[in-house]
1. How would you classify the chain from its alpha-carbon gyration tensor, with a ≥ b ≥ c the square roots of the eigenvalues: rounded for a/c under 1.5, else prolate if a/b is greater than b/c, otherwise oblate?
2. Okay, helix-only estimate at 222 nm for the chain: each DSSP H run of n ≥ 4 adds -39500 (n - 2.57), divide by all residues, round to 500 deg cm²/dmol; what do you get?
3. Starting from the Cα gyration tensor of region 147-205, take the square roots of the eigenvalues, sort them a ≥ b ≥ c, and report rounded, prolate or oblate (rounded when a/c is under 1.5, otherwise prolate if a/b is larger than b/c, else oblate).
4. Indicate, rounded to the nearest 5 percent, the antiparallel portion of the DSSP beta bridges found entirely in the chain.
5. With a 10 Å Cβ neighbour count serving as the proxy for reagent exposure, in which order, fewest first, do 130, 125 appear?
6. Sketch the reach of a paramagnetic label on residue 19 as a point 7 Å from Cα along Cα-to-Cβ, and name the residues of region 151-193 whose backbone nitrogen lies under 20 Å away.
7. For the chain, modelled as a GNM with alpha-carbon contacts under 10 angstrom, which of 19, 92, 71 fluctuates the most?
8. Who wins for biggest fluctuation among 35, 142, 117 in a Gaussian network model of the chain, springs between alpha carbons below 10 Å?
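Taken together, the values in this text are just the output of simple stated rules run on the coordinates, not laboratory data. Owing to the predicted nature of the structure, the values given are computational and were not obtained by experimental measurement. Note that each Cβ is placed from the backbone with ideal geometry, even for glycine, and that neighbours are counted across all protein chains shown.
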């Protein structure tokens with residue numbers, strides 16, 4: 001009996017879950033951008049390693065290591081605080097992220113997470129109201145300013161949430177969930193944003 005070959009095809013985290021389109025006829029109060037192709041790595045360092053890790057990241061990426069619940073960004077990378085001695089490195093492209101991580105060897109425990117996380121950008125005039133339906137964090141601008149991050153839950157799903165620079169329609173939020181929970185998260189987001197008008201696009205920015 002001949003062997004049966006198997007061909008594996010790479011799929012994005014949101015593939016088969018949601019596609020670009022308009023999910024309401026009532027306007028466009030919520031904009032969703034599906035972030036595919038990102039390079040993601042987790043960094044864990046001891047207190048003794050932190051100063052050396054910070055200098056290496058400053059030299060390689062031009063980013064200062066956040067020491068509290070905040071996120072810092074350059075044109076191509078973002079560093080997100082994820083707990084004491086823990087960070088997420090998010091690159092706009094997977095190309096080169098392995099080399100970035102290799103350059104941090106010995107300074108932190110580094111693990112590539114690109115295939116294990118799903119990320120989207122949420123913006124629009126009704127983005128905060130949509131998130132308020134399930135988010136445990138106060139997202140008022142005074143409580144959650146630009147650059148703030150939180151490890152929290154939305155609709156009982158663990159997420160890493162951070163606020164990036166404001167856009168034309170106000171606050172812009174980045175949301176990262178475990179890839180295994182992407183379908184459940186989208187079901188909640190679609191149901192919560194439908195009344196405001198939900199528009200979905202793909203892209204890197």
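1. Numbers: a/c = 2.02, a/b = 1.18, b/c = 1.71.
It comes out oblate by the Cα gyration axes.
2. Helix contribution divided over all residues of the chain: -5000 deg cm²/dmol.
3. oblate
4. Bridges in the chain that DSSP calls antiparallel: roughly 85 percent.
5. 125, 130
6. Answer for region 151-193: 182-191.
7. Most flexible of the set in this elastic network: 19.
8. With Cα springs under 10 Å in the chain, the top fluctuation among 35, 142, 117 is at 142.
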